[in-house]
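One structure is given here, and the rest of the page talks about it.
Laboratory data are not the source of any read-out in this text; all were calculated from the coordinates shown. Quick caveat, the model's predicted, so the values are computed rather than measured. Cβ placement follows ideal geometry from the backbone for every residue including glycine, while neighbour counts extend to all protein chains displayed.
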Amino acid sequence: MLPFANIAIIGIGLIGSSIAHATRATMPSARITGYDSDPAVRARVIELGFCDDVSDTAGSAVTDADLVILCVPVGVMAQVAADIADDLPDDAIISDVGSSKESVLAALTKVLAGARIIPAHPVAGTENSGPDAGFATLFHDRWCILTPPEGAEEGDIERVQAFWQKLGANVEIMDAKHHDLVLAVTSHLPHLIAYTIVGTASDLEDVTRGEVIKYSAGGFRDFTRIAASDPTMWRDVFLSNKEAVLEMLQRFSEDLSALQRAIRWDKGDELFDLFTKTRAIRRRIIEEGQDDAAPDFGRTHD
């Protein structure tokens, strides 16, 4: 049995288009309606054909939906919610894919008072964006975290959980505040560091950009992949999850200062112990299927 028969996807970038592809592959009888604020994106989605219908307005996209997924930057969640409020069916479940959850839940609850809101965060993505970037297997064996508000109907939670499981995701349920703290460590802070490192390399006066690009070793190259992520999305993530990000950034600054002291005073044992501990974390990530152990991070060298 399908968890949902009519799915509206608002925002058709990497995640939105991947949800559409994955839904079509796993639940072919479900009807998918898409909407994007960019007319060029709507035209491209029609060309690609992975939605059954593409609406000209957000409101018209949700009129028959039993599941509405907001795949837009977290900074515009409230505005998009206002755009669909008058056309939203009473029995529709509202969800999203934002990387911060406490602010999203607050925004949706304020604008859509009384609506059935089950926020979600699929922890998956690439550095690419736009409707051409999506693919059906993006969520396979990746985690999707649901952060339902207190008092949410258990049946609504189960339906959203079943939907993501059909797309191939593993589902975890947690409190929105705890989610934001966890993701500040595992996602938001690494992106902030990547943006900073790539920016620092670009601004060095004694090293040309050509040399930075030409002699990039694996470490810097991997940072550039992260730093190529959508700038609008990540600007909004940092601002919407400000408290947790600043808390983790303070902790990181303290640890970085300790590392500086260890290098300055030739404390090799401290460095060795730290690197041994972090290496073990990498092994656990591989063991839990969140990456593979292929040499050079699975890169091909044809």
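Output the peptides 88-97, 41-50 sorted from most to least packed, where packing is the average of other Cβ atoms within 10 Å over each peptide's residues.
In decreasing order of mean packing, 88-97, 41-50 become 88-97, 41-50.
Amide H to amide H under 5 Å from Asn6: which residues, 5+ apart in sequence or cross-chain, H placed 1.01 Å off N in plane?
Hits under the 5 Å cutoff: Arg31, Asp66, Leu67.
What does the charge dipole of the chain about its Cα centre add up to, to the nearest 20 debye, if the Cβ of each Lys and Arg holds +1 and the Cβ of each Asp and Glu holds -1?
With only Lys, Arg, Asp and Glu charged at Cβ, the dipole is about 760 debye.
For segment 79-196, what is the charge dipole size about the Cα centre, in debye to the nearest 20, if Lys and Arg each add +1 at the Cβ and Asp and Glu each add -1 at the Cβ?
360
Go ahead and estimate [θ] at 222 nm for the chain from helices alone: -39,500 (n - 2.57) per DSSP H run with n ≥ 4, summed, over the residue count, rounded to 500.
Theoretical 222 nm ellipticity from helices: -15500 deg cm²/dmol.
With a ≥ b ≥ c the root eigenvalues of the C-alpha gyration tensor of segment 6-174, is it rounded (a/c under 1.5), prolate (a/b larger than b/c) or oblate?
Judged from the Cα gyration tensor, segment 6-174 comes out rounded (a/c under 1.5).
Classify segment 124-185: rounded, prolate or oblate, from the alpha-carbon gyration tensor (a ≥ b ≥ c, eigenvalue square roots; a/c under 1.5 rounded; otherwise prolate if a/b is larger than b/c)?
Taking the square roots of the gyration eigenvalues as a ≥ b ≥ c, segment 124-185 is oblate.
In segment 1-155, what percentage of the DSSP-assigned beta bridges are antiparallel, given to the nearest 5?
Of the beta bridges lying entirely in segment 1-155, close to 15 percent run antiparallel.
Let me confirm the definition first: pairs of Lys residues in the chain, 8 or more apart or on different chains, C-alpha distance under 29 Å. How many are there?
The number of close lysine pairs in the chain is 11.
Nearest-5 percent of antiparallel DSSP beta bridges in the chain?
About 10 percent, rounded to the nearest 5.
Quick one: order Met1, Met233, Met174 by neighbouring beta-carbon count within 10 Å, fewest to most.
So the residues, fewest neighbours to most, are Met1, Met174, Met233.
Assuming R0 = 41 Å, what is the FRET efficiency of Asp56 and Glu247, from their Cβ-Cβ distance, to the nearest 0.05?
The pair Asp56/Glu247 has a calculated efficiency of 0.45.
Which of (1) 1.09; (2) 0.98; (3) 1.21 is the computed Cα Rg over 2.2 N^0.38 Å for the structure on display?
The listed entry that was calculated here is (1).
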